[in-house]
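K.L.:
Here's a structure for you.
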Amino acid sequence: MITLILRSLIVYCIVLFAVRIMGKRQIGDMQPFELVITLIIADLACIPMSDSTIPIVFGVVPLFTLVILHYLFTLLNRKSIFFRKVLNGRPIIVIDSNGINYNALKKLNMTLNDLTEGLRVAQCFNLNDVAYAIVETNGNISVLLKNSAQPVSNEGMGIDGQQSSLNIILINDGKLLKENLDYLGLTPEYIKSILNEEKIKSVTDVLILSIDKGGEIFLQEKYKPCKTIKKELELNVK
C-alpha cells in the first residue's frame, strides 16, 4: 500500500511539472497538438499508478519524452509559419460581407447549429449584427460586429462612419505572408519601402505589421512600442 502511495505521489509530481512546462492554457484554448499530448500524458500517468508490477521508470520515461516533444513542437510552432499551419491549421472566415461561407463550414466540418452556438457564446444572438466571424485554430469563434450593433454605435450618435474591417496581417514574427500580400494586391517591395520609411532595416526585425481597408497600418518592431501609420491605398479587402 505504501509503495502505491509513493508511486502515485511521484507520478503526480511529474505530471504537474509537465503541465506547468506546457503553459497555462485551458482545454478549450489548446492547439490540436497540445490537446493530443495532454491526453496521452493523462493516460500514461495512470499505468504506473494503478499497476505496481510495472516499474515506475516505464511510466516516467514516456512522460518526459512527451514533455520534450511538446517543447520541440512549441519551438517549431514559434519559428516556422509553415510548421504552424501544419500543426494548428489557420483561422478561417465563416461569415463576411456576403453572409455565411458554406464552403468554409464544410471544410471545418461545422454545422449551422455549431456556428450559431459559437456566436451565442460570443454574445451575438443575431446574424444580421455580424460583420465578420472567424473560427480560430483552437476552435473558438471571434466576432466583429457591424457598426450599428456596436455597444456605442456611430448610428446611434448620428455619425456616418465607415464600416469596420478586418486587419490583415502582412508580417508575422519576422516573416512576410505572401498569401496575404497577394490577397490585398500588394508586393513585398512595397512593404519593404514602408519599413525603410520607418528606418527598419529588415523584415525579421518586425513583430507584426497589419493593415485594414482604410489603409491604417499597425506596426511593431520586436521589443519596441507599436505605432500606427496611415496610407492612402485602395485595398482588395471585402
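The values are calculated or read from the model by the stated rules, or taken from the named source; none is laboratory data. Given the structure is predicted, the values throughout are model-derived calculations rather than measurements. Glycine gets a Cβ as well: all are built from the backbone with ideal geometry, and neighbour counts include every protein chain shown.
K.L.:
Give me the residue from the stretch 63-78 that is farther than 25 Å from C46 by Cα and loosely packed, with under 13 Cβ neighbours inside 10 Å and, out of that set, farthest from the chain's Cα centre (by Cα).
P.N.:
Among those residues, the one meeting the criterion is L75.
K.L.:
Across the stretch 32-74, what is the number of residues that are more than 30 Å from N140 (Cα to Cα), in a helix (DSSP H, G or I) and not hydrophobic (A, V, I, L, M, F, W, C)?
P.N.:
So the count comes out to 4.
K.L.:
Out of I100, I47, I need the residue that is β-branched (V, I, T), at pLDDT 80 or above and surrounded by fewer than 17 Cβ atoms within 10 Å (Cβ to Cβ). Which one? Lay out the reasoning, then the answer.
P.N.:
Details: I47 fails: at pLDDT 80 or above.
Just a single option satisfies the conditions, and that option is I100.
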